[in-house]
Every structure is written in C-alpha cells, then in structure tokens.
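Right, one structure below, let's go through it.
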Amino acid sequence: MAEPTVKAADTGSPVVLLEGVTRDFGETVVTRVLKSIDFRLGGGEFTALTGPSGSGKSTLLNLVGLLDRATTGRVCLDGVDTAGLDDTALTRLRGGSIGFVFQFHHLLPAFTALENVMLPGIARQGRPSAALRKKALELLDRVGLSDRLKFKPSALSGGQQQRVAIARALCLNPRLILADEPTGNLDTEASDQVFELLRQINREEHTAFLVVTHDLNIAARCDRIVELVDGRITSERAAAPGGG
Amino acid sequence: MSFEWFVALRFLREGRIQTVLILLGVSVGVGVIIFLSALITGLQASLIDKTLGSQAHIVVQPPDEMPRLIVDGVVAGTDPAALARDPAALGEALTVRLEKPAQRPRSINQWPQVMREVEQVPGVIAVSPLVAGSAFVTRGVASRSVALRGIDPERFIRIIDLSAKMTAGVFRVAGTEAVIGTGLATDLGVRTGDRIRILTADGGNDIFTISGVFDLENQAVNDSWVLVSLKSAQNLLDLSGGISALEARVDRIFSAEIIAQQVARRTGLVADSWMKLNRQLLVGLKSQSSSSIMIQVFVVVAVALGIASVLVVWVVQKNREIGILRAVGTTRGQILRVFLIQGLLLGAAGWVVGVGIGTTLSLFFAGLATNPDGSPTFPVNLSGQLMLGTLVMALGVGLFSAMAPARRAANLDPAEAIHRG
Ligand SMILES: Nc1ncnc2c1ncn2[C@@H]1O[C@H](COP(=O)(O)OP(=O)(O)OP(=O)(O)O)[C@@H](O)[C@H]1O
Ligand SMILES: [Mg+2]
C-alpha cells in the first residue's frame, strides 16, 4: 500500500522546495532547458523522476544538488534559500546534506573502496579520523562489501562500484540522496539489488530520495513519479499500489 | 595527514607519467644550475685565489709627483705671429706630451703613524710595510735584475702567508738573510745556504745568505722577488727609515675597493685595491657570471613552463574526478591547495634528485683533469648556500607553475565536469 508512505512523507517539512525555477544555457543562442518548475520533496520521500532523453532531468538534479544555480526562481534546501549562499557555503551545505549516486562508476580511481567512502568526511573534517573509518566500515558492511575494502574501483564490478558509491553517499548521514540513473548501467539482477538497497536505506534512515530512471519497473516501486517533458513537469502521481 | 595532502599524494602516485615527466624537468633544471654554479664559482674562486696568493688586497703609496709638461715644438706650417694673436690656437698647434718623472723611490712620511691609521679603517685586518725597488743579484758570473722587497716578516705573513709556500729552507730575513723565488733560484743555480750579492743603482752593495726558497704559483713573482729585511732594503735603496708602500689585507675581498677609497681619504695617500689593479680579470669574471645567470634564468623559465603545461593537461584529464570531489563537499580552496601541494612536492622531490645529478656531474667534471699538484683543473664549489638557493628556487618554481593549473581546477563547474568531463 503506497498510501501511508506518501502521507508520512508529506507530513515532514520539505527537504527540497523549488519555486518557478528556470535554467537557461548558452550565451548567443539561449536555450531554456527548464521552464518554470515548481517542485517539492518531503522528508523521507522516495520519488522517481522520469521523462524522455534531453527533457532536463539531469539539469534539474544538478540544481537540487547545488552543483548548479538556477537562472530564475528559488531553490530551497531544508528551508534554506540557497540564492544568498556563496560557493563555499553551498559546498558545505551540499557535502553535509546531500549524497550523490551517478549512473557511471563515479568513484575516484586512485583511492580504495574504503577511502572513497571516507572522502566526503575527510573533506569536511579536513583530515581522516577513527570515527570516520568506523562509519565507513559499517557502511561497506551494510552494502555487502566488507571483503573489498582495499580494492581499487577498477577491481570491482559495476554493481559493486555502485554499492560503494551508495555507501559514500551515506557517509555524512545526508537528509537527501540524488541518484541519476543509478541502475542505468547495470544488468537486471544488479539493478534490483542496488534499487533494493536504496529503498532499504530510505525505510531505515528516512533519507529522502530523488531518483532519475528510465526503467518503468523501478519507477513503479517508488512512492511518487514525477514526469518531465521538454523542461516542464507534466505529471505527478503516486506510484502503483504495491510498487514499494 | 590533511585532506589536501592525502589527495595530492594519491594523485601524484596515480599519475605516474606526469609525475615522472615533471620530476625529470625539475631535476634536470636543478642539476644544470648546481653544476653550472658550482663550476663557475669554483673557477672564479680559484682564479681570485691565485691572483691574491702573491698580491696584497690594498697597496698604499705616496702620491705621484706632478707630471712635467713638455712642449715638443711647433707643427710645420703654422704662423708664429698668428699664434701670438690667438693663444687659443696654441693648444691645437702644439703637440703636448705629459711625462712622468723618472721613477725613483719615494717614501711615505711618518709611516708608523700612517700604518696605525690604516689599521683602524674598518675592514682592514692586517697592514705591512714594504720597501721596494729594483736591484741586481750576482752569483759568480750569473747576474739577474730583480725586484728587491724589504719586509717586516711578522706583518708580511699576514698579507701573504709565505711560510706555507716554502719549497726549501725557512722563511727568515733577519740580518743579511734573503728569501728568493724558485725561478730565480734555478736561474742563478743557488740553494739554501748559498750567498748572493745584491747591487742597486743607489750604490748599495751587500752579500746575503739564502735562508729559503718559495713558490707563490706566479712565474713573474717566482722569477724576480728577493725578500730581505726592511732595514737591509732601506740601506740598499738609500731610503733610511722610509718605506715605499703599505700593503693591507681586508676581511671581505670584494669590499677591497671601497675600503681602499676610505684608506685614501683618511691618509691622503694613493690606495689601490686588487680589484683596480686587476680590472681585466674582474670584468671577465663579471661577464662570466652574468652569462651564467642568464642561462640559469632560461633554465628556470623552461622548467616552469614545462611543469605548468604538464599540470594543465593533468587537470583536464582529471576534470571528472575534480567534479566528483566537489560534489561530495570539497571546497574550491581545498582543490586549489591539492594542486599547489602537488607543485611543491614535485619541486621538492625534483630538487632532491637534481642535487644528486648536479653533485655527481660536478664531482665527475672536477675529477676529469688535475693539475700536477693534484688539485682539480676545474675546481667546483658545492656550497650549502647553493643547495639552499636551488631548494628555494625549486619550491618556488613548483608552486608558481602549479598556480594557473590549480586555479583552473578550483574554478571548474562541477556539474559540467561530472557530466561532460
Ligand atoms: N551545460 C550545458 N550547456 C548547454 N546545454 C546544456 C547543458 N547542460 C544541458 N544542456 C541541454 O539541456 C538539455 C537537457 O539536458 P539534460 O542532461 O538535463 O537531459 P536529461 O533529461 O538528463 O537527458 P538524458 O535522459 O539523456 O540524461 C539538453 O538539450 C542539453 O543539451
Ligand atoms: Mg541525464
């Protein structure tokens, strides 16, 4: 039953709030990629973002993830309007509240699995610590990779790399995880495993999720499906009952 | 270890080719600079050493007597009557010759007092009186014209340490003892204990016993110097109680000219520094130094450009990784520092290797050829100052060349770097 989950999510204060957000690209020829987006993501809510290729899904995710700034409109994270923040403040907010999972193995090849998971913490604290290491070990255990701690990404399979990336996203207990086609590069089995892991984290930690996906099966297992077409949100609906 | 060092070290280890390329650039640069500097300073030091081995730093003499004006005669075709009307034409019409008076020994008045004055000039560490003139030395049928020098041995050895340069006998000029150079000794066929006769134009004529033979590594000096006591020289040159010059030694040899000017001002006498007396040598050394500095500047610039270009490519290759680091909460400042640290580390490591290269090259070169006495023909001077200087240079170049690439990395747009990097 999807009903109770959606309700529970709606009762929390919004993690993400977009009001009239647009995003233009180009200097001589200006293309409006996002056209007046209003969007709200509640605490602990698990939302799928779908739409055709080129509709602006990744662009929207970058705005929500504070990797990019809107041309007009308001982007609020945890009730904080991000327009007034400088780059360092934005970076700090991003590091502390948002975890990222990308489609391709976006791990740093020079570092081991364990180090990759610790990186957000080391960057934030300025140096590694025993507590951070303990946390990273727990996370890797949770994603089932306790036996791959010292492996470099190149020695891991696609699914394993994606699980390391998920562990890394959880390093600083973010309130929100943004995933851009997290299963897009995996076979069905690995896909299922990774998605189940995300849902499990969502259930246990009440972390909010915004997941871009082309996979209708996966979208159906989310709380809510938001569809983007040509830079506009064209539909927002609860996923099919029993999907989650 | 801080985040920046952690990431910088890992990037360096991972980027093997780039790391090796840059290290090579820095080490070759540092090696060349060390080798070049060591060789040039070594050569220059030995040249100066040789020059000053038989020369005082400053020579104080009485002023020259006024030159006399000699009018040679009227140039043919000039009307004497016209000249009388227009005296200005005289200068053009006449060939004027300035003639110095014939050299005869002149003496410094009240020299003990002048010597104390010179001693008090800052920078002067030793002063010694000198009676100098020309003389003839005869031994049997052999006869040679020589430079007779009367000295005060205790003071003289602080100007030129002759006791360390004796090849036979001892350095002693008491009574009628004389010390001569190896060249003269061979010429006359004399040895320690032999007697020679010294004659001068002033009517001096005396017999001396050779107490020692020296080698000052200067042929002219070895062939002509005859050292006797101050008193003997004064008698021979008819200069009772007077001296012809004061010789001085200074603490820093390149301050000699400035100190000489102070001596001249204080005493009213003529004071010439070794720098003035060896102007040709100094000009040569100076142009050698400046061309060496030019080469070094070019080496530094080339190395800096090399490092910068390799680092720029490196940053471009690392776009995506930098974007990921930014996404997980790394600030611009942290990224900037990561690359600056890489520059510093490469500079430091390149310096270490470069010191090895430069030192090996220098010592190898120094060992290539040696003089008969075993000293190297190309002496090298590997000073701590040179090492410290090149370290500062290597770190500076590393940091400076990393500046532009680091700024580029820090200013990357993370969204673009991740998706398109
Ligand atoms: N930095 C940029 N400069 C110029 N145009 C851009 C830029 N980023 C995105 N675009 C354009 O914006 C549009 C939307 O791109 P976006 O990557 O958001 O699409 P998407 O929905 O994620 O597509 P896909 O499903 O293929 O990943 C595209 O037409 C793209 O060319
Ligand atoms: Mg996309």
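The values are calculated or read from the model by the stated rules, or taken from the named source; none is laboratory data. Only a predicted model underlies this, so the values are computations on that prediction, with no experimental measurement involved. Neighbour counts run over all protein chains shown; Cβ positions are idealised from the backbone, glycine included. Protein only, heavy atoms only, side chains kept; ligands, DNA and RNA dropped before computing areas. Shrake-Rupley method; radii C 1.70, N 1.55, O 1.52, S 1.80 Å.
Per residue, the convex hull spanned by the Cα atoms of the range B:175-318 amounts to 208 cubic angstrom. For the residues of A:120-127, the average number of beta carbons from a partner chain within 10 Å of their own beta carbon is 6. Note on the range A:106-177: Cα Rg divided by 2.2 N^0.38 Å, N the number of residues, gives 0.98. Cut-off 14 Å, label point 7 angstrom out along Cα-to-Cβ of residue A:187: give me the residues of the range A:146-177 whose amide nitrogen falls inside. Zone members listed by number: A:157-160. Computed on the Cα atoms alone, the convex hull of the range A:111-244 gives a volume of 127 cubic angstrom per residue. Each residue, residue B:254 and residue B:16, gets one label point 7 Å from its Cα in the Cβ direction; the gap between the two is 4.7 nm. Rg over Rh for the range B:148-216 works out to 0.96, both radii taken from alpha-carbon positions and Rh defined as the Kirkwood radius.
From the mean inverse distance of alpha carbon pairs (Kirkwood) and the Cα radius of gyration, derive Rg over Rh for chain B.
Using Cα coordinates only, the ratio equals 1.23.
Our summary gives chain A a relative contact order of 29 percent, counting only alpha carbon pairs under 8 angstrom and 6 or more residues apart.
Using bins of 10 Å that start at zero, the share of Cα-Cα pairs per bin across the range B:300-382 amounts to 14, 29, 21, 15, 11, 7, 2, 0, in whole %. Residues in the range B:359-373 carry Karplus couplings, in order, of 5, 4, 4, 4, 5, 4, 5, 5, x, 4, 9, 10, 6, x, 7 Hz; the curve used is 6.51 cos²θ - 1.76 cosθ + 1.60 with θ = phi - 60°, and Gly or Pro positions show x.
From the C-alpha gyration tensor of the range A:150-195, pull out the three semi-axes of the equivalent ellipsoid (sqrt of 5λ each), sorted largest to smallest, in whole Å.
Square roots of five times the eigenvalues give 18, 15, 8 Å.
Solvent exposure of residue B:286, expressed as accessible area, is near 150 Å², computed with a probe of 1.4 Å over the protein chains only. In terms of accessible area, using a 1.4 Å probe and ignoring ligands and nucleic acids, B:163, B:240 rank largest first as B:240, B:163. Per-residue surface analysis assigns residue B:353 an accessible area of about 70 Å², computed on protein heavy atoms at 1.4 Å probe radius. P(r) tail, the range B:100-188: Cα-Cα pairs separated by more than 20 Å, 50% of all pairs.
Fully extending the segment from residue B:163 to residue B:294, taken as 0.36 nm per residue of separation minus the present Cα-Cα distance, adds 43.0 nm. In sequence order, the range A:223-230 has phi-based couplings of 6, 8, 10, 10, 10, 10, 10, 6 Hz under the Karplus curve 6.51 cos²θ - 1.76 cosθ + 1.60, θ = phi - 60°, and Gly or Pro positions carry x. Measuring r between the beta carbons of residue A:129 and residue B:348 and using R0 = 25 Å, the FRET efficiency lands at 0.35. Enclosing the Cα atoms of the protein assembly as shown in their convex hull gives a volume equal to 290 cubic angstrom per residue. Sorted largest first by accessible area at a 1.4 angstrom probe radius, with every protein chain in place, the residues A:106, A:206 fall in the order A:206, A:106.
By the compact-protein rule of thumb, 2.2 N^0.38 Å, the alpha-carbon radius of gyration of the range A:15-115 corresponds to a ratio of 1.17.
Rounded to the nearest whole angstrom, the semi-axes of the ellipsoid equivalent to the range B:111-268, taken from the Cα gyration tensor as √(5λ), stand at 29, 18, 12, largest first. Over the C-alpha atoms of the range B:1-69, the Rg to Rh ratio, Rh being the Kirkwood estimate, stands at 1.54.
Strictly over 19 Å apart at the Cα level, which of B:165/B:231; A:57/B:318; A:135/B:318; A:134/B:318; B:50/B:286 would you flag in this model?
B:165/B:231; A:57/B:318; A:135/B:318; A:134/B:318
Accessible area per residue was computed with a 1.4 Å probe on protein heavy atoms; residue B:48 scores about 10 Å².
Proximity of backbone amide H atoms, modeled 1.01 Å from N, is registered between residue B:125 and B:249, B:250, B:251 at under 5 Å, excluding neighbours fewer than 5 places apart on the same chain.
Amide H contacts for residue A:36 (H built 1.01 Å from N in the peptide plane; partners 5 or more residues away or on another chain; cut-off under 5 Å): A:22, A:23. Counted over all Cα-Cα pairs of chain A, pairs farther apart than 29 Å make up 28 percent. What shape does the range A:38-78 take by its C-alpha gyration tensor, where a ≥ b ≥ c are the square roots of the eigenvalues and a/c under 1.5 counts as rounded, a/b above b/c as prolate, and the rest as oblate? Oblate is the answer for the range A:38-78, as a/c is 1.5 or above yet b/c matches or exceeds a/b. Using 0.36 nm per residue and subtracting the Cα-Cα separation, the extra length available between residue B:143 and residue B:110 on full extension is 8.4 nm. Buried accessible surface for the A/B pair, both sides summed and rounded to the nearest 100, is 2400 Å² with a 1.4 Å probe. Against chain A, whose longest principal axis comes from its Cα atoms, helix A:130-142 is set at around 80 degrees.
Net charge dipole, chain B: roughly 1480 debye, given to the nearest 20, about the Cα centre with Cβ charges of +1 for Lys and Arg and -1 for Asp and Glu.
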